[in-house]
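These notes concern the structure reproduced below.
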Amino acid sequence: MSGFFHAYDLRGKFPDEISVDESEKVGKAYGTFTQAEKVLIGRDGREHGEKISEAFINGVLSTGTDVVYAGTVPTPVIYFGMVKYGIKSSAVVTASHNPPEYTGFKFCKEEALAMSRKGGMEQIESIYDSENFEKGTGSREAIDISEDYIKFVKDNIELERNLDIAINFGNGVAAVLGKQLFEELGCNVETVNEELDGSFPNHLPAPGEEEAQEQLQEAMKGKDLGIIFDGDGDRAGFMLPEKGYIPEDEVLALFARESLKTRKGKVVADLRSSKLVPEIVEENGGTPSTTRVGHTFISEKIHEDPSIVFAGELSGHYYFPVFDVPWDDGLFSAALMCRIASEEDLADLVERLPEYPVSPELRIDCPHTAKEPVIEKLKEEYSDHELSTVDGVKIDFEKGWALVRPSNTEEKMSVRCEADTEDDVDRILDDVESTVRQLIKSLS
């Protein structure tokens, strides 16, 4: 079995886990698997990205499947391109927010439906392991999607007034069109870490990184809004000059409120989110719903249920079916947040949201091999509590809850708590964190 096949993508270190040879073999497996005549392919800005992409493309072509190559573009631009041009299959060569030594692949089926383990990844892995590949000679063409994507966002988003914003691109691929997009929307843009650099010399490309927030904060003076993108542009985080980083629970609430202005319907959030989210959804005439963590699971829900108007995860993935964006799109999310800021006092909106004590998502080092045993032992340790096992294990306490779940992409175990008071949060977190750390140590 191949250790770099995960729940909803492929990810591993280059070249030890995913080399050029492995990449070509993945391309052969994907080309054999897909029933589409052509595959739309793009990549992020990592230093080994071109080598990995070319090897993967060669693998796909060798199965007789055609390739449309979009080059170095943000991941959501590929999703948009699939729908815009009617291409029924796509692959993005990216490791998102992971450190620079990582590489990986994200696959989509028709209408930008993210591919899950059961939705195709398992079959691709089986083909990869068997090496029973189709043989043929596919054709290759190049395509430029960026201008059409910018026009699409502008057609959907109009600002009431010009904004002064600062953007930390984190040296990620969103920089290839991000500044142009926001300037065309009517923003005055100051950039941080705009140069595309796959070694990520300043900080890891993730909105939750403290260094990313600190570097953006320095550029925030006199600005209306700050934006941080991840490495491949499908996630975004937001800052205000006085408040600092806006917690993702509050961002979910703001986007739910905005989406429900256009059409009433269902709002989906992952099960880590605060009770703030369903409360705001119901206040604005929507129906709250929860799902397990992972963008493929939300993507599948959206494609199955036309009543969903907005969906989001605490990791900063946001989806807007109500605006014809049923994919996770950091750039569109940021454009919509700019619209909200241009129409209302964003700081005041955030200030008026109810506050519930919730811990940050604690991420604890945990080998992949120890993840399942740790979860099973946790169920035993807290068997006298009410438990939910939809994704990891969610433990109900008298005055709150704790969620412990394994990361799908990293050797990490995450812990998050919510409770009635800050003291209750601290008490629950101390209890659960110490138990998780002891179990990881004993089972690793």
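General remarks:
- Given (1) surrounded by fewer than 14 Cβ atoms within 10 Å (Cβ to Cβ); (2) part of a helix (DSSP H, G or I), index of the condition Asp384 fails: (2)
- Flag if Thr262 is over 13 Å from the mean Cα position of the chain (by Cα), of a type in the set (Val, Ile, Thr) and modelled with pLDDT under 95: no
- Apart from one condition, Asn284 fits all of (1) at pLDDT 95 or above; (2) touching a strand residue (DSSP E or B) at 6+ places or on another chain (Cβ under 6 Å); the exception is (2).
- Count of region 37-78 residues, restricted to those that are more than 23 Å from the chain's Cα centre (by Cα), in a strand (DSSP E or B) and under 15 Å from Ser23 (Cβ atoms), is 1.
- Criterion violated by Gly59 - all others in (1) modelled with pLDDT of 95 or more; (2) in contact with a strand residue (DSSP E or B) (Cβ under 9 Å, 6 or more places away or on another chain); (3) small (Gly, Ala, Ser) satisfied: (2)
- Among the residues of this structure, Gly119 does not count as one that is within 18 Å of Pro326 (Cα to Cα), without any contact (Cβ under 8 Å) to a residue 40 or more places away in the chain and either crowded, with 23+ Cβ neighbours inside 10 Å or of a type outside the set (Val, Ile, Thr) (or both).
- Conditions (1) crowded, with 16+ Cβ neighbours inside 10 Å; (2) under 26 Å from the mean Cα position of the chain (by Cα); number of the one not met by Thr389: (1)
- Qualifying residue in region 423-443 (condition: over 27 Å from Phe105 (Cα atoms), in contact with a Phe, Trp or Tyr (Cβ under 6 Å, 6 or more places away or on another chain), buried (at least 21 other Cβ atoms within 10 Å of the Cβ) and at pLDDT 95 or above): yes
- Restricted to region 1-56, and to residues there that are touching a strand residue (DSSP E or B) at 6+ places or on another chain (Cβ under 9 Å) and of a type in the set (Val, Ile, Thr), the residue that is surrounded by the fewest Cβ atoms within 10 Å (Cβ to Cβ) is Thr34.
- Answer residue from region 204-222, given it is buried (at least 19 other Cβ atoms within 10 Å of the Cβ) and touching an Asp or Glu at 6+ places or on another chain (Cβ under 7 Å) and is farthest from Val73 (Cα to Cα) among those: Pro207
- Asn156 being crowded, with 19+ Cβ neighbours inside 10 Å, among the polar types (S, T, N, Q), touching a helix residue (DSSP H, G or I) at 6+ places or on another chain (Cβ under 7 Å) and in the same structural domain as Asp224 (by TED's automatic domain parsing): no
- Region 291-336 - residue that is in a loop (DSSP other than H, G, I, E, B), charged (D, E, K, R) and modelled with pLDDT of 95 or more and, of those, surrounded by the most Cβ atoms within 10 Å (Cβ to Cβ): Asp329
- Any hit, region 337-347, residues being free of Cβ contacts under 8 Å to residues at least 24 places away in the same chain and either within 26 Å of Gly81 (Cα to Cα) or part of a helix (DSSP H, G or I) (or both): no
- Residues within region 398-444 that are free of Cβ contacts under 8 Å to residues at least 12 places away in the same chain and basic (Lys, Arg), tallied: 2
- The residues listed here are Ala36, Ala91, Ala95; of these, the one that is over 24 Å from Ala206 (Cα atoms) and in contact (Cβ under 8 Å) with a residue 24 or more places away in the chain is Ala36.
- Filter result for the condition that a residue is touching a His at 6+ places or on another chain (Cβ under 7 Å) and not aliphatic (A, V, I, L, M), over Gly178, Gly170: Gly170
One line per residue, one yes/no per condition, for (1) closer than 19 Å to Met115 by Cα; (2) polar (S, T, N, Q); (3) more than 14 Å from the chain's Cα centre (by Cα):
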{"position": "Glu258", "(1), (2), (3)": "no, no, yes"}
{"position": "Ser273", "(1), (2), (3)": "no, yes, yes"}
{"position": "Glu300", "(1), (2), (3)": "yes, no, yes"}
{"position": "His303", "(1), (2), (3)": "yes, no, yes"}
{"position": "Phe310", "(1), (2), (3)": "no, no, yes"}
{"position": "Phe320", "(1), (2), (3)": "yes, no, no"}
{"position": "Phe323", "(1), (2), (3)": "no, no, yes"}
{"position": "Ala334", "(1), (2), (3)": "no, no, no"}
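- Residue count for region 392-406, restricted to those that are in a loop (DSSP other than H, G, I, E, B) and crowded, with 18+ Cβ neighbours inside 10 Å: 1
The values are calculated or read from the model by the stated rules, or taken from the named source; none is laboratory data. This is a predicted model, so every value here is computed, not measured. Neighbour counts run over all protein chains shown; Cβ positions are idealised from the backbone, glycine included.
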